[in-house]
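As structure tokens, the structure follows; a few thoughts come after it.
Values in this text are rule-based calculations from the coordinates and carry no lab data. What you are looking at is a predicted structure, and each value in this text was computed from that prediction instead of being measured. Using ideal geometry, Cβ is built from the backbone for each residue, glycine included, and neighbour counts are taken over all protein chains shown.
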Amino acid sequence: MASPRGFTVWFTGLPGAGKTTLARLLATELGRRGLRVETLDGDEVRQRLTRGLGFSRADRDENVRRIAYVAKLLSRVGAVAIVAAISPYAAAREAARAEIETFVEVFVRCPLTTCMSRDPKGLYAKAHCGTSSTNGRALSVLSFSCCSA
């Protein structure tokens, strides 16, 4: 008997765009349809698998590399891996795509003003004030705007 084929759906976009919300809705629907699903949320992964990484380009790329590895393992055993992560650099996403056999990238397009009004983690406010210890993260988020490099 052939094992079911897994795949990865990778949601990317600005903070507050709705990546996690959409990932959870998709996970619920796919689970309802009988698929084995695991959601890899960027914030949760940073707390458990990539603690200690900062927000430099190298650290962000390493974060994406680690998420991609876990997604590949899940997909390989027939599960659906749903990733919700900012993953701002196209090169890192391309590397993930190359590593994972069946990979669907979804850019969650949301106006910056809407993301700023949602601001669930306060990143935009911190970047605006320039006073937080996480200001480096906040400023790199604002410069993200879906970097293609």
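With Cα atoms defining each centre, the stretch 12-56 and the stretch 78-132 are spaced 10 Å apart in the structure. Near residue 5: Cβ cut-off under 11 Å, other residues only, Lys/Arg at +1 and Asp/Glu at -1. The net charge is 0. Relative contact order of the stretch 7-110, taken over Cα pairs closer than 8 Å and 6 or more residues apart, is 51 percent. Taking every DSSP bridge with both residues inside the stretch 7-110, close to 0 percent are antiparallel.
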